[in-house]
Amino acid sequence: MFLFWLAIAIVIGLSEEIKDSYDAYKYHQNGGFEAKYPCFRSNYNNNNR
């Protein structure tokens with residue numbers, strides 16, 4: 001019975017890791033933090049003085 005619950009925990013953990021990795025990949029493909037918040041871009045602040 002212990003091995004059954006251990007297997008379920010491992011499957012759930014792996015599925016969460018895969019989902020997080022996919023979300024990070026899609027976030028990076030969309031431009032990431034700098035695309036969503038351009039005011040924090042380092043060259044944005046220097047070019048608009």
Per-pair calculated FRET efficiency, R0 = 25 Å: Ser42 and Ser21 via Cβ, rounded to 0.05: 0.40
Residue among Ile18, Trp5, Asn30 farthest towards the positive dipole end of the chain, charges placed on Cβ: Asn30
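Only the coordinates and a few stated rules stand behind these numbers; no lab work does. Bear in mind that the values here come from a model prediction, so they are computed numbers and not experimental data. So basically every Cβ, Gly included, is an ideal-geometry build from the backbone, and we count neighbours across all protein chains shown.
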